[in-house]
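**Q** Quick one: the structure is below, questions incoming.
The values are calculated or read from the model by the stated rules, or taken from the named source; none is laboratory data. Here the structure is a predicted model, which means the values were calculated and not measured. With ideal geometry, Cβ positions are generated from the backbone for all residues, glycine too; neighbour counts draw on all protein chains shown.
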Amino acid sequence: MILKIVKYPDPILSRPGEPITEFNDELRKLIADMFETMYAEQGIGLAAPQVGASIRLMVIDLSVGKAPKDKLVLINPEIIFTDGKLYEEEGCLSFPEIREKVARHAKVRIRAQDEKGKWFEMDGVDVLSRCFQHEIDHVDGMLFIFRMSALKRDLNLRKIRKMQREGKW
Ligand code: NI
């Protein structure tokens with residue numbers, strides 16, 4: 001089922017998600033729906049607060065549905081190691097049409113649980129590193145617009161307000 005994507009400034013996007021303790025069918029259904037929703041929007045990452053669930057869950061697929069081995073589910077994720085710097089353009093499904101360069105770590109190691117509750121660690125470099133950081137920010141209630149320079153943030157907030165006035169947001 002394709003879910004509705006919550007857009008900025010919905011307050012759920014700024015609220016830290018609750019830790020997940022039950023790895024049940026309801027959770028697996030939400031994960032399947034999140035992949036379906038992300039693919040429908042041609043996204044590479046989606047966090048549960050973006051579909052209205054304030055919990056610490058995110059899905060990633062850099063292949064956008066083309067390579068099953070690229071499907072990643074991260075539950076209760078945390079970053080345990082970082083290295084280097086990246087400054088690349090990012091977008092976000094909760095900010096349609098906004099793309100901006102954001103400073104990130106070039107490499108991160110994450111620790112998370114899979115959909116059965118098993119803990120694992122994984123390294124991400126470049127795009128995957130950026131994606132891990134962007135989506136973990138989401139489950140922490142942090143949005144990429146607040147990682148931009150003050151100048152870029154203000155420009156984009158003005159652009160959003162203009163689109164809202166014109167009924168395009
Ligand atoms: Ni996002």
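**Q** For a quick check of your reading: which strands (runs of 3 or more DSSP E) sit entirely within the range 40-96 and have at least 2 residues that are at negative phi and within 13 Å of the chain's Cα centre (by Cα)?
**A** The strands (runs of 3 or more DSSP E) meeting that bar are 45-47, 57-60, 72-83.
**Q** A further question on this structure: Which residues, taken from the range 99-134, are buried (at least 21 other Cβ atoms within 10 Å of the Cβ) and more than 19 Å from Lys85 (Cβ to Cβ)?
**A** Hit for the range 99-134 is Ala112, nothing else.
**Q** In addition: Conditions first: (1) under 21 Å from Lys118 (Cα atoms); (2) within 16 Å of the ligand (Cβ to nearest atom). Lys4 passes all but one, so which condition is the exception?
**A** Failing condition for Lys4: (1).
**Q** Follow-up question, since we're still on this one. Please enumerate the residues belonging to the range 38-53 that are farther than 20 Å from Ala103 by Cβ and within 15 Å of the ligand (Cβ to nearest atom).
**A** Of everything in the range 38-53, those that are farther than 20 Å from Ala103 by Cβ and within 15 Å of the ligand (Cβ to nearest atom) turn out to be Met38, Glu41, Gln42, Gly43, Leu46, Ala48, Pro49, Gln50, Val51, Gly52, Ala53.
**Q** Identify, from the list Arg130, Arg153, Arg158, Arg109, the residue that is away from the ligand (no atom under 16 Å from the Cβ) and either closer than 27 Å to Asp33 by Cβ or assigned to a helix (DSSP H, G or I) (or both).
**A** It is Arg158.
**Q** Would you confirm, using the coordinates I've provided, whether Asp70 is away from the ligand (no atom under 13 Å from the Cβ), of a type in the set (D, E, K, R) and modelled with pLDDT under 95?
**A** When the stated conditions are applied, Asp70 passes them.
**Q** In addition: Can you tell me which residues in the range 1-39 are touching a residue at least 60 places away in the same chain (Cβ under 8 Å) and not in a loop (DSSP other than H, G, I, E, B)?
**A** Leu13, Ser14, Leu27, Arg28, Ile31
**Q** Would you check which residues across the range 35-79 are surrounded by fewer than 24 Cβ atoms within 10 Å (Cβ to Cβ) and among the polar types (S, T, N, Q) and list them?
**A** Thr37, Gln42, Ser54, Ser63, Asn76
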